[in-house]
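**Q** I am attaching a structure below and will ask some questions about it afterwards.
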Amino acid sequence: MFLKLKPSQVFGKNGLAASALPGYEYRAEQERMMAAVQKAIMTDDVIIVEAGTGVGKTLAYLVPAVASGRQTVVATGTRTLMEQLVNKDLAILSGILGEPVDAAVLKGRSNYLCLARLDMAMDSPDLFQPDDRRLLGIIRRWCDETKTGDVGQLSGVAEDDAILRSVVCQADTCTGRVCPFYSRCFLFRARARALEADLVITNHHLLMADLAMSDGSEDDSGAGPLLPSDANLIIDEAHGLEDVATVAFGLVATRAGVAEISRDTLALANHADPRTARVVVNVARRLDDGFVKLLNLVAGRRERCRLADGPDDVQLSKQAVAAWHGLDQDLEAVGIETTSIAREMERTSEIPGRVAQVRATLCQVLDRDDGSMVRIVERKGHGGSFAAYPVDVSTILRQKMFQKGRPIVLTSATMSVAGQTAFFRSRLGIPEGAPECVLQSPYDYASNVVLYIPSGMPVPTDDNWPGQVIDETVRLIELVGGRTLVLFTSRAALNRAAVELPERVGYPILVQGTMQRGELVERFRSAGNAVLLATAAFREGLDIAGGALSCVIMDRLPFEPPDEPLLVARSDRMRLSGQEPFFHYQVPLAAIRLRQGFGRLVRRRTDRGVVAILDPRIANRNYGKIFLDSLPPAFRATEFEAVRSWCLRNLLPEN
């Protein structure tokens, strides 16, 4: 569709939005945002739009993008926002524009069931344990019923279950048009639907994975991009894009991936001549042991470490090199033998390509150090991985995304630091001179929020600090009657609170990790007086308006751990270029994360309450002003009695 609309026609006091939305509230910031987005689309420009909570940014970019008549892709960072766009904003958008909007949702490949991999699994039941075979049966029955193949709609099997992960679509296992199931493929049906739609709603992961494709072309393998390359591109929640891009443009070899290669090789061998298959069966069965041995020799007892030449880094021992070479020989043999077996059976196999990718990744991690990649070895439960990630994604994004001559809108409520977007621009490689529009929230934080930074708190390195965090948390929970979100910077601190708080407060305590996120949030919302203990995962994508949430507590400033490999590598790179990494990287990154945590409290104009930061460094260190200047202008208090008085005047009378 093409509609020539002025911002005032849409978001004015008597505009189209007022007619389509009961209880519509006029916001001048929303008009300004639409005007900025509209101009960027007309001029094929890249623009940064920071829109504080309450601006109404989703409609402010959807209206001009869809009305431009050009296909539009919206990529979100969280499932919460994607669901809001699909379940709420699309209907409002159609009401404003006066006609239905042809929209499609396209998720990453691993969100869709792969019919070929399911068929292979069902054809080799002896390779699975009884419980796994039961889960495969559930998946198979659901496959006959589903129209979308979106595994997020599958009940009875956990989303992160290894069996489910083994039968979803992956770029390195997809044979595309030569697959016998291509005509029924859920992924390519979704893609075909998206290519026809006026509006495509997706996520950062798929957007970055598409960009990571080498040349943007598609062949019979089906490994080409899934998203239209010349559409308007709206990147919402853009503050998180660097993290996603870092993973997308990196290389990872996991124990789970090697185990899948082993299982798929055995499944292929089951259909081959036993005399031909005997060798590859023996080799495939020892791949997992070889990977685990290598992981143990490289990482030792460390959970996450960096391979480099520094005194605190890990270097390869002779035993580790020997284990790597042994694993590499086995992988090479699997690649050669599966190629031969597939040729004899007159069929295609993606196994050799996957083997080549694992070998290349291990070589990159264990043998190459050109300074552009940080090499990381990590353990996770019974699993583990070898990975190489780019130290800097700015050049990659500039070349693959920003210099393609199409309109790109980067938007979020938290992209600036102390009012400046320089940090965000530099991290993503946004072209110099790209316009920006920074819009403050229309909400009255000064009247509705008290920012509590208690005096007398020890620094986080003090032995007394953890106990005083618990004491302050208890006082605040009792003051507001539960209704509290506590954000910890470490799992250890969360675990301590999960043990101690139930003994000291009489309100329901909900803990991240004890149930699925959606269930946890719904229980918190419906209880009305609960306390939710969480870590960084809940700093964003959590939208709890109203009286269920009246207090957000953050235990400390959200700096990265000093030994985090990516942080160390990026800091080293900045020093080489003459920059001081603490003030030019660590502080602005932590300031943006603090803003995200602060933003959990006020989601609607009438929301009010307390934000507490239990880290005295924000008040007594020279960099503290950067954090404070980045936060909304709330009333500040350093004594608990001042907070109590504020709550009695502004919060508690409502209850």
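The values are calculated or read from the model by the stated rules, or taken from the named source; none is laboratory data. Keep in mind that this is a model prediction, so the values were computed, not measured. Here Cβ is always computed from backbone atoms with ideal geometry, including for glycine, and neighbour counts include all displayed protein chains. To get the accessible areas, we keep the full protein, side chains included, count just its heavy atoms, and leave off ligands, DNA and RNA. Shrake-Rupley method; radii C 1.70, N 1.55, O 1.52, S 1.80 Å.
**Q** Among Ala65, Ala36, Ala60, Ala40, which is the only one that is in a helix (DSSP H, G or I) and over 22 Å from Ala197 (Cα atoms)?
**A** Ala36
**Q** Could you please let me know if Ile396 is farther than 21 Å from Tyr61 by Cα and touching a residue at least 12 places away in the same chain (Cβ under 8 Å)?
**A** Yes: the conditions hold for Ile396.
**Q** So, in region 619-647, of the ones that are part of a helix (DSSP H, G or I) and either of a type in the set (Val, Ile, Thr) or touching a His at 6+ places or on another chain (Cβ under 8 Å) (or both), which residue ends up nearest to Ala51 (Cα to Cα)?
**A** Filtering region 619-647 for residues that are part of a helix (DSSP H, G or I) and either of a type in the set (Val, Ile, Thr) or touching a His at 6+ places or on another chain (Cβ under 8 Å) (or both), the one nearest to Ala51 (Cα to Cα) comes out as Ile626.
**Q** Filter region 54-76 down to the residues that are of a type in the set (Ser, Thr, Tyr) and under 21 Å from Arg425 (Cα atoms), then identify the one that is surrounded by the fewest Cβ atoms within 10 Å (Cβ to Cβ).
**A** Thr76
**Q** Further, regarding this structure: Specify which of the listed residues (Arg32, Arg79) is open to solvent by 30 Å² or more (accessible area, probe 1.4 Å) and over 23 Å from the mean Cα position of the chain (by Cα).
**A** That would be Arg32, the only listed residue that is open to solvent by 30 Å² or more (accessible area, probe 1.4 Å) and over 23 Å from the mean Cα position of the chain (by Cα).
**Q** I've got another one for you. Specify the residue that is farthest from Asp243 (Cα to Cα); the eligible residues are those in region 373-399 that are open to solvent by less than 50 Å² (accessible area, probe 1.4 Å) and among the polar types (S, T, N, Q).
**A** Ser385
**Q** For region 338-372, how many residues are more than 22 Å from Ala171 (Cα to Cα), open to solvent by 40 Å² or more (accessible area, probe 1.4 Å) and in a helix (DSSP H, G or I)?
**A** Qualifying residue count, region 338-372: 2.
**Q** Within region 452-471, identify whether any single residue is surrounded by fewer than 18 Cβ atoms within 10 Å (Cβ to Cβ), in a helix (DSSP H, G or I) and either in contact with a Ser or Thr (Cβ under 9 Å, 6 or more places away or on another chain) or at pLDDT below 95 (or both), and answer yes or no.
**A** No, every residue in region 452-471 fails to be surrounded by fewer than 18 Cβ atoms within 10 Å (Cβ to Cβ), in a helix (DSSP H, G or I) and either in contact with a Ser or Thr (Cβ under 9 Å, 6 or more places away or on another chain) or at pLDDT below 95 (or both).
**Q** What tally of residues in region 98-141 results from selecting those that are closer than 30 Å to Phe11 by Cβ, open to solvent by less than 20 Å² (accessible area, probe 1.4 Å) and not in a loop (DSSP other than H, G, I, E, B)?
**A** Number satisfying all stated conditions: 1.
**Q** Return yes or no: is Leu485 open to solvent by 20 Å² or more (accessible area, probe 1.4 Å), outside any loop (DSSP other than H, G, I, E, B), touching a strand residue (DSSP E or B) at 6+ places or on another chain (Cβ under 6 Å) and not small (Gly, Ala, Ser)?
**A** no
**Q** I've got another one for you. Out of Arg177, Arg275, I need the residue that is among the basic types (Lys, Arg) and free of Cβ contacts under 8 Å to residues at least 40 places away in the same chain. Which one?
**A** Only one candidate passes the filter, namely Arg275.
**Q** Identify all residues within region 1-17 that are in a loop (DSSP other than H, G, I, E, B) and over 15 Å from Ala35 (Cα atoms); write none if there are none.
**A** Met1, Phe2, Lys13, Asn14
**Q** Those residues that are under 26 Å from Gly56 (Cβ atoms), in a loop (DSSP other than H, G, I, E, B) and either open to solvent by 10 Å² or more (accessible area, probe 1.4 Å) or of a type in the set (Phe, Trp, Tyr) (or both), I need them from region 400-417; list them, please.
**A** Arg406, Ala413, Thr414
**Q** Let me ask something additional. So for region 91-105 (the condition being touching a residue at least 24 places away in the same chain (Cβ under 8 Å) and touching a Ser or Thr at 6+ places or on another chain (Cβ under 6 Å)), does at least one residue qualify?
**A** yes
**Q** Please return the ranges of helices (runs of 4 or more DSSP H) entirely within region 241-295 where 3 or more residues are aliphatic (A, V, I, L, M) and within 30 Å of Ser426 (Cα to Cα).
**A** Where helices (runs of 4 or more DSSP H) fall fully within region 241-295 and carry at least 3 residues being aliphatic (A, V, I, L, M) and within 30 Å of Ser426 (Cα to Cα), they are 241-248.
**Q** In region 234-262, what residues are of a type outside the set (S, T, N, Q), buried (at least 19 other Cβ atoms within 10 Å of the Cβ) and over 17 Å from the mean Cα position of the chain (by Cα)?
**A** Within region 234-262, Leu251, Ala253, Arg255, Gly257, Val258, Glu260, Ile261 qualify.
**Q** Quick check on region 86-97: of everything there that is among the hydrophobic types (A, V, I, L, M, F, W, C) and over 30 Å from Thr173 (Cβ atoms), which residue is surrounded by the most Cβ atoms within 10 Å (Cβ to Cβ)?
**A** Here the answer is Ile96.
**Q** I've got another one for you. Collect the residues in region 1-29 that are among the hydrophobic types (A, V, I, L, M, F, W, C) and either open to solvent by 50 Å² or more (accessible area, probe 1.4 Å) or more than 19 Å from Arg605 (Cβ to Cβ) (or both), keeping them in residue-number order.
**A** If the condition is that a residue be among the hydrophobic types (A, V, I, L, M, F, W, C) and either open to solvent by 50 Å² or more (accessible area, probe 1.4 Å) or more than 19 Å from Arg605 (Cβ to Cβ) (or both), then Met1, Phe2, Leu3, Leu5, Val10, Leu16, Ala20 are the ones that fit.
**Q** Restricting to region 145-170, name every residue that is assigned to a helix (DSSP H, G or I), of a type outside the set (Lys, Arg) and open to solvent by 40 Å² or more (accessible area, probe 1.4 Å).
**A** Glu145, Gly152, Gln153, Ala162
**Q** Within 23 Å of Met122 (Cβ to Cβ) and in contact with a Gly (Cβ under 7 Å, 6 or more places away or on another chain): does that describe Ala272?
**A** It is false that Ala272 is within 23 Å of Met122 (Cβ to Cβ) and in contact with a Gly (Cβ under 7 Å, 6 or more places away or on another chain).
**Q** Going through region 441-467 one residue at a time, which ones are in contact with a helix residue (DSSP H, G or I) (Cβ under 7 Å, 6 or more places away or on another chain) and within 30 Å of Gln38 (Cβ to Cβ)?
**A** Once the filter is applied, which keeps residues that are in contact with a helix residue (DSSP H, G or I) (Cβ under 7 Å, 6 or more places away or on another chain) and within 30 Å of Gln38 (Cβ to Cβ), region 441-467 yields only Pro442.
**Q** For region 380-399, which residues satisfy the criterion of being outside any helix (DSSP H, G or I) and farther than 17 Å from Leu566 by Cβ?
**A** Gly381, His382, Gly383, Gly384
**Q** Within region 550-569, count every residue that is over 30 Å from Gly481 (Cβ atoms) and touching a helix residue (DSSP H, G or I) at 6+ places or on another chain (Cβ under 6 Å).
**A** 2
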